[in-house]
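S.K.: Please see the structure below; I have some questions.
Rule-based calculations on the coordinates, nothing more; no lab input. Just so it is clear, the model here is predicted, and its values are computed rather than measured. Every residue, glycine among them, receives a Cβ derived from its backbone with ideal geometry; neighbour counts consider all protein chains shown.
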Amino acid sequence: MAKKQFKAESKQLLNLMINSIYTHREIFLREIISNASDAIDKLHYKSITEPEAVNVAREDFRIDVAYDKDAGTITVSDNGIGMTKEDMDANLGVIAHSGSLDFKKEMEDGAADVDIIGQFGVGFYSAFLVSDKVTVRSKAYNQDQAWEWTSEGADGYTIRECEKDSWGTDVIMHLRPDDENGAYSEYLDSYRLRDLVKKYSDYVRWPIHMMVEHEDYVETGETDEEGKPKKDWVVSVRDEVVNSMVPIWQRGRDEVSDEDCKKFYMEKFRDWEEPIAVIRINAEGAVNYRAMLFIPKVAPFNFYSRDFEPGLELYSSGVMIMEKCKDVLPDCFRFVRGVVDSPDLSLNISRELLQHDRQLTTIRANIEKKVKAELTRILEEDRDTYSEFFKAFGPQLKYGVIEDYGMKADMLKDLLLFQSFEKDSQITLKEYRDAMPEGQERIYYAAAESVARAKQVPQTEQVRAKGYDILLFGEDMDEFAIKTLREYDGKEFCDVAGGDLGLESEEERKVSEERAESEKEVLGFVKEALGDRVVDVRASRKLKTHAVCLSTDGDVSLEMEKYFSSIPGGDSQNIKAKRVLEVNIDHPAYAALKKAYSEDGEKAREMAEIMYDQAVLIAGMPLDDMLGYSDRVFRLFGQ
Ligand code: ADP
Ligand code: MG
């Protein structure tokens, strides 16, 4: 019979498996058992949704782990859905999950000592970590013909007809002979195997049976000199269910530690990092349910892309009904992973129905409260951890503020962090608010990529001179988020690059307005020279040592304009800030302009243009006409 070839990547992965000197080989058992459990899940699900097609009682499902010392094999059997010939071809000839592909790449990068196999799980192929030959005998439910798949590794596999009494699957692993890489025979031992099942597969919901050796001190049937029954140690072998089967989320706090839950998370959700928090809910009332939720420490690589699919696993009394249920997870907390299990949810509920389910809405509202409370607790008690969390998921919280017309803005506002100019750390809006000195009426922010950069923006001068802190808005959505919030605790947000900073007293305002009035003619000239590049030219009341700056009128800031122009296509290109050139009329540069204005109109015009271009450059924006700017500056050299 001709051998079939594995798909290319599968072949590479197999090679790695076979040649691996990986020390955590023992995970092969977890992988094979989890496939058996999945297969039973599938058939069980069918027995509920199509009772006319599948007739198997729930209590009859089982997994068996057996070993044969003489043959050197371990066999994992299940009475799950089974495989047809086509299934075998399709499912056992390719790598099933992308985690395996990542694993392969990592290995090639030489990161072989990292516990990659343990972290990701590599599915069916992990059998080759310990075997030099794997045989799979399977019969799909309600089919007459059973099939046998055999492979001795990377050079391919064969499928042929075989005999099998009942439906389901046997995976027979022929262990390698012991060599310098390992003692594979250690797995041919009932205690060792039982420990492995307990360690990795304890929560599997189907019973895992094993013939386990027992040594009992029992009566032998003989009597001693005094006529008492004799006792002796006798070894017997018994069929035992070795896993506890109760899912971890169904257990009490006193039974399962947070550490155990975190381990469960890492295995189940394939994360390298421990989550920063475990939230356990045991709700009784309008809806009865248990939930175990995790707040991850790092964002999955695709978290901020369309590929990411949020949702919690939804169970009904321990039976999974949906893998990613969005309806129980508030979208602003879409980074949360975990499971929700409720006996009140019916098993064959359709997806459409689910969306309208009041029970789910209740669960979601409750989960939102719990997650918010937990994040608040971490924020208050462990700022370092929170900062790390915020680095990964802060952008998501800010999106959450903006989304749905700001519906969640109020709920989320105290979870936000912004870089402080003065404190050299990230602070909450409340911390900013609490530190505001007497007389400060607004919350100031500067949009720039860093504090160092923002400090170069002339407008920050006056605010800082007053002793007021400024929040750095380093990300595009910061301003959008704040525009959604509008104010915090009665204090308006104020862009330091905006028009009016509200810093002057009535008295001061009057003085500067009079001063500005006296410069009206020259400023008018500048405005005219700049044409429609600006909506106004003003005597600045915020500049101290610098000559010019650019500010804006209206709702669109320069940073927002930059953001909109970065979005390809569409109307957003046309969203422009209304630019205002602010001029420091106490600056020597202004004096020079004024002098030119009275002596040489053409020169004054050039100087006005340079002033504007300088302001644009300081604001970190590109000039429309770089060469023209340069020429003008050099012409000034010659004068
Ligand atoms: P995954 O479990 O992530 O899908 P695996 O590599 O572990 O990936 O398994 C590949 C596929 O082989 C499974 O998706 C399933 O279709 C099939 N399979 C493996 N073991 C069994 C089994 N015991 N019964 C039925 N199908 C199985
Ligand atoms: Mg699997």
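S.K.: Just want the ordering: Trp206, Trp167, from fewest to most Cβ atoms lying within 10 Å of their own Cβ.
M.R.: Details: Trp206 23, Trp167 19.
Going from sparsest to densest Cβ surroundings: Trp167, Trp206.
S.K.: Okay, moving on. Does the stretch 506-638 come out rounded, prolate or oblate by the C-alpha gyration tensor, with a ≥ b ≥ c the root eigenvalues, rounded set by a/c under 1.5 and, if not, prolate when a/b is larger than b/c and oblate if not? Write down the numbers at each step before the final one.
M.R.: Numbers: a/c = 2.19, a/b = 1.27, b/c = 1.72.
Oblate, because a/c is 1.5 or more while a/b does not exceed b/c.
S.K.: Would you please put 188-198, 292-302 in order of how densely packed they are, using the mean number of other Cβ atoms within 10 angstrom per residue and starting with the highest? Display every interim value, and only then the final one.
M.R.: Values: 188-198: 16.2, 292-302: 18.9.
Peptide ranking by packing, descending: 292-302, 188-198.
S.K.: Let me check against my output: what whole-number percent is the relative contact order of the chain, with C-alpha pairs under 8 Å and at least 6 apart?
M.R.: So the answer I get is 7 percent.
S.K.: Something else: For the chain, what are the per-bin percents of Cα-Cα distances with bins 10 Å wide, up to the bin holding the maximum?
M.R.: The percentages, shortest bin first, are 3, 12, 18, 17, 14, 11, 10, 7, 5, 2, 1, 0, 0, 0.
S.K.: Separate question: Which of rounded, prolate or oblate describes the stretch 417-495 when judged by the alpha-carbon gyration tensor and an a/c cut-off of 1.5?
M.R.: rounded
S.K.: Mind listing which GluC sites (Glu not before Pro) in the stretch 160-205 are in a DSSP loop and have 12 or fewer other Cβ atoms within 10 Å?
M.R.: The qualifying sites are Glu163, Glu180.
S.K.: Is the stretch 248-386 rounded, prolate or oblate when judged by the Cα gyration tensor, a ≥ b ≥ c being the square roots of its eigenvalues, rounded requiring a/c under 1.5 and prolate requiring a/b larger than b/c?
M.R.: Cα axes put the stretch 248-386 in the prolate bin.
S.K.: Please arrange Ser566, Ser151, Ser316 by counting, for each residue, the other beta carbons lying within 10 Å of its beta carbon, fewest first.
M.R.: Ser566, Ser316, Ser151
S.K.: Going highest first, how would you order 579-587, 171-179 by mean Cβ packing within 10 Å?
M.R.: Ranked from most to least packed, the peptides come out as 579-587, 171-179.
S.K.: Size of the dipole of the chain about the Cα centre, Lys and Arg at +1 and Asp and Glu at -1 on the beta carbon, nothing else charged, in debye to 20?
M.R.: Once rounded to the nearest 20, the dipole reads 1420 debye.
S.K.: Give the cross-link partners of Lys263 among the aspartates and glutamates, using a straight C-alpha distance below 15 Å as the criterion and excluding same-chain residues fewer than 8 apart.
M.R.: Asp115, Asp202, Glu255, Asp271, Glu273, Glu274
S.K.: State the Kirkwood hydrodynamic radius of the stretch 527-566 in Å, one decimal place, computed from all pairs of distinct Cα atoms.
M.R.: 12.1
S.K.: Of all DSSP beta bridges located in the chain, what percent are antiparallel, nearest 5?
M.R.: The answer is about 80 percent antiparallel.
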